[in-house]
1. For a label point 7 angstrom out from the Cα of residue A:70 toward its Cβ, which stretches of segment A:1-15 have the backbone nitrogen within less than 18 Å?
2. Let's see if you can work this out: charge +1 on each Lys and Arg Cβ, -1 on each Asp and Glu Cβ, no other charges. What is the dipole magnitude of segment B:50-91 about its Cα centre, in debye to the nearest 20?
3. If you rank B:42, A:73 by fewest surrounding Cβ atoms within 10 Å, what's the result?
4. For segment A:1-61, just the Cα atoms, rotate onto the principal axes and tell me the three extents in Å, largest first.
5. Let me check I've understood the local charge: for residue A:106, count other residues with C-beta under 11 angstrom from its C-beta, Lys and Arg +1, Asp and Glu -1. What total comes out?
6. With 10 angstrom as the radius, rank A:74, B:91 by how many other C-beta atoms surround their C-beta, starting from the fewest.
7. Summing +1 for each Lys or Arg and -1 for each Asp or Glu, what net charge is found among the other residues whose Cβ lies under 12 Å from the Cβ of residue A:9?
8. Roughly how big is chain A's charge dipole about its Cα centre, with Cβ charges of +1 (Lys, Arg) and -1 (Asp, Glu), in debye to the nearest 20?
Amino acid sequence: DGGITQSPKYLFRKEGQNVTLSCEQNLNHDAMYWYRQDPGQGLRLIYYSQIVNDFQKGDIAEGYSVSREKKESFPLTVTSAQKNPTAFYLCASRVDGSYNEQFFGPGTRLTVL
Amino acid sequence: AQTVTQSQPEMSVQEAETVTLSCTYDTSESDYYLFWYKQPPSRQMILVIRQEAYKQQNATENRFSVNFQKAAKSFSLKISDSQLGDAAMYFCAYRTRNSGNTPLVFGKGTRLSVIA
């Protein structure tokens, strides 16, 4: 089945530790996105990548880093510089074309203790 | 920068009734796309309906329809014959029309409850 997978579904980390969230897609999509969702805040863009080895900062990139070494993979690292990392993280991808649907993964709930 | 505003944090509707969720947006562009996404308790985002700004005809998908008012920059979602499965967060989103893969800009969402 084609789709986007995010692992793990729930992730717990101690304060001060870096953590990497996985996002893999087998849809052959060029563009991939990371969003953060907090209650009452909607979805806010962290980073996005339109092509392999290229990515752009979104609205709330501080404290996060990404890489795009393969078309299928777009991992997100939450660093210790992120002040309030506890949130729900959504990965998405889309084939080229503005009208095309943006598909989402099931999300990862990160809790920093 | 474009912004999307959903002024109703929460809404409720009786089963089988009709409900309208509001969305306004701010842009200086004339050509763009608008979307409504649904996020049920599973938290999986699902596309409900989309509209191309250059099309005057309002989009419809079964029980879901939109009222697109370009001059007013308004894009409301109407759900007819509401069902228990419609209970979810609903997000309005905007995307500019260009050749790149620009991200969606989302509103803060409206939580819809359906009362049996």
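Values in this text are rule-based calculations from the coordinates and carry no lab data. Here the structure is a predicted model, which means the values were calculated and not measured. Positions of Cβ are backbone-derived with ideal geometry, glycine not excepted, and every protein chain shown enters the neighbour counts.
1. Residues passing the 18 Å test: A:1-8.
2. The calculation lands at about 220 debye.
3. B:42, A:73
4. Largest to smallest, the principal-axis extents are 35, 27, 25 Å.
5. +3
6. B:91, A:74
7. Every neighbour counted, the sum reads +2.
8. Dipole magnitude for chain A comes out near 400 debye.
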